[in-house]
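Since the structure comes first, as structure tokens, the remarks are kept for the end.
The values are calculated or read from the model by the stated rules, or taken from the named source; none is laboratory data. Model, not experiment: these values are computed from the prediction. Neighbour counts are summed over all protein chains in view; Cβ atoms, including those assigned to glycine, are modelled from backbone coordinates with ideal geometry. For the accessible areas, the whole protein counts, side chains as well, though only heavy atoms, and no ligand, DNA or RNA atoms are used. Shrake-Rupley method; radii C 1.70, N 1.55, O 1.52, S 1.80 Å.
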Amino acid sequence: MRALSGSLFTYCALMFLSDVFWFFGIHGAQITAPFFMILFVTAGIDNQAALASGQPVANILTTGFLSYLTLGGAGNTAGLAVNMLLFSKSRRYRTLGRLAILPSLCNVNEPILFGMPLILNPLMAFPFFVLPQITIILTYIAMGAGLLGLPRLAMGTSGMPLFLDGLLMCGISGVVWQLILIGITWAGYYPFFRIQDERARREEQGET
């Protein structure tokens, strides 16, 4: 159990399983959350206790680390919401972008999951599965290299707005890093979104 709780591979595998469940319309976070809690909550409690006593925090893989990296919700769709808001050529996704951007900033992405949809959408499956893995690995490396503050709270709060959760979890460096990661997810979703958006635009022209 100790080996699993300190394993980056375990963390990535649980995140991947959560996203796979979401892709098939099942609330993946509800299924994998107990395993995250069992394996990683103790490390988060140790970090929070160290912070309270004025000692340096030492653990990277915590439940707080998870909440810090759900950028827009499952699949890290904050970047996709930005794509829809700013770069849509179809009425469908331009409207969806306006509806989804504020919930996305609070890590609520059901409007995108079911409205785009991302669920059972083979075109969007690749970025939906891969981008969360990239953000986990990059953040782990950045924290390990001392470029980013470690998670200092045992857990995040569901629905906490982006950047505020970054500030509480990792300080100013956390806010800056979340901005960088949203830029990465924006770029990762962009080519797939352009195809989806173009299909919708053509359908709308055909209807017209």
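Residues in segment 37-54 that are of a type in the set (A, V, I, L, M, F, W, C) and more than 15 Å from L66 (Cβ to Cβ): A49, A50, L51, A52. Within segment 84-96, not a single residue is in a helix (DSSP H, G or I), closer than 21 Å to L17 by Cα, out of contact with any strand residue (DSSP E or B) (no Cβ under 9 Å at 6 or more places or on another chain) and among the hydroxyl-bearing types (S, T, Y). Among the residues examined, G166 qualifies as touching a Gly at 6+ places or on another chain (Cβ under 6 Å), within 18 Å of P103 (Cα to Cα), touching a residue at least 12 places away in the same chain (Cβ under 8 Å) and of a type in the set (G, A, S). Residues in segment 42-67 that are under 13 Å from Y11 (Cβ atoms), in a helix (DSSP H, G or I) and either open to solvent by 60 Å² or more (accessible area, probe 1.4 Å) or not polar (S, T, N, Q) (or both): A43, G44, G64, F65, L66. Evaluated against (1) surrounded by fewer than 18 Cβ atoms within 10 Å (Cβ to Cβ); (2) assigned to a loop (DSSP other than H, G, I, E, B), A74 falls short on exactly one condition, (1). For segment 1-35, residues that are in a helix (DSSP H, G or I) and in contact (Cβ under 8 Å) with a residue 60 or more places away in the chain total 9. Go through the residues of segment 139-158 one by one and say whether even a single one is surrounded by fewer than 18 Cβ atoms within 10 Å (Cβ to Cβ), over 20 Å from L61 (Cβ atoms) and of a type in the set (S, T, Y). Looking for residues that are surrounded by fewer than 18 Cβ atoms within 10 Å (Cβ to Cβ), over 20 Å from L61 (Cβ atoms) and of a type in the set (S, T, Y), one finds none in segment 139-158, hence no. Applying the condition of being of a type in the set (A, V, I, L, M, F, W, C) and in contact with a helix residue (DSSP H, G or I) (Cβ under 8 Å, 6 or more places away or on another chain) to segment 24-37 and asking which residue is most open to solvent (accessible area, probe 1.4 Å) yields F35. Among residues of segment 100-128 being open to solvent by 40 Å² or more (accessible area, probe 1.4 Å) and in a loop (DSSP other than H, G, I, E, B), the one that is farthest from T185 (Cα to Cα) is L120.
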